[in-house]
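Worksheet: one structure, shown below.
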Amino acid sequence: MGVFKVRARIWNPLNPSRFRDVELLVDTSATYTVIPHDVLEDLSIRVLRRVRLRLADNRVVEEAVGEVGIEIEGYRASATPVVFGDPDIYILGSVTMEQLGLAPNPITKKLRPTEALLMQLRT
């Protein structure tokens with residue numbers, strides 16, 4: 001898949017008046033969205049837990065995770081997991097894309113709405 005970026009607004013779910021507009025690299029191989037540590041601290045995002053993550057070079061690291069609100073192209077989630085990342089690392093991960101109901105279109109290099117799956121409710 002080709003690489004592309006999208007504009008997003010992120011905010012502190014406990015204080016939505018604290019927000020930041022960012023540009024995220026769309027990465028379907030990344031589970032979680034990643035935002036630089038200093039940006040999340042500036043928004044007063046709390047560390048909720050630590051997770052083990054496998055990097056592209058096969059190393060496993062443990063990183064802090066919090067939650068941010070996020071809006072991309074009018075699609076909004078009140079809270080999505082976010083990894084406290086290194087400076088200049090802005091990644092849109094697959095968990096957030098699924099929460100927003102969006103998927104990358106490799107031809108147009110844009111996000112598109114998806115059709116969600118739902119189990120059968122009646123027999």
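The values are calculated or read from the model by the stated rules, or taken from the named source; none is laboratory data. Given the structure is predicted, the values throughout are model-derived calculations rather than measurements. Backbone-built Cβ (ideal geometry, glycine too); neighbour counts: all protein chains shown. With ligands, DNA and RNA removed, areas are computed over all heavy atoms of the protein, side chains included. Shrake-Rupley method; radii C 1.70, N 1.55, O 1.52, S 1.80 Å.
Below are the figures for this structure:
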{"item": "Residue in the range 100-119 that is among the aliphatic types (A, V, I, L, M), in a loop (DSSP other than H, G, I, E, B) and either open to solvent by less than 20 Å² (accessible area, probe 1.4 Å) or within 23 Å of Glu41 (Cα to Cα) (or both) present", "result": "no"}
{"item": "Among (1) modelled with pLDDT of 95 or more; (2) outside any strand (DSSP E or B); (3) open to solvent by 50 Å² or more (accessible area, probe 1.4 Å); (4) not basic (Lys, Arg), the one test that Met1 misses", "result": "(1)"}
{"item": "First in the range 53-65 and β-branched (Val, Ile, Thr), second anywhere and modelled with pLDDT under 95 and not in a strand (DSSP E or B), Cβ under 9 Å, 6 or more apart", "result": "Val61/Leu55"}
{"item": "Boolean, Gly74 is in contact with a Leu (Cβ under 9 Å, 6 or more places away or on another chain), modelled with pLDDT of 95 or more and more than 21 Å from Val3 (Cα to Cα)", "result": "no"}
{"item": "Residue that is surrounded by the most Cβ atoms within 10 Å (Cβ to Cβ) [pool: residues in the range 26-45 that are more than 11 Å from the chain's Cα centre (by Cα) and of a type outside the set (A, V, I, L, M, F, W, C)]", "result": "His37"}
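Per-residue answers, yes or no, for (1) farther than 24 Å from Thr108 by Cβ; (2) in a strand (DSSP E or B); (3) open to solvent by 60 Å² or more (accessible area, probe 1.4 Å); (4) polar (S, T, N, Q):
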position	(1), (2), (3), (4)
Arg9	no, yes, yes, no
Phe19	yes, yes, yes, no
Leu24	no, yes, no, no
Val47	yes, no, yes, no
Val51	yes, yes, no, no
Ala64	yes, yes, no, no
Gly69	yes, yes, no, no
Ser78	yes, yes, yes, yes
Phe84	yes, yes, no, no
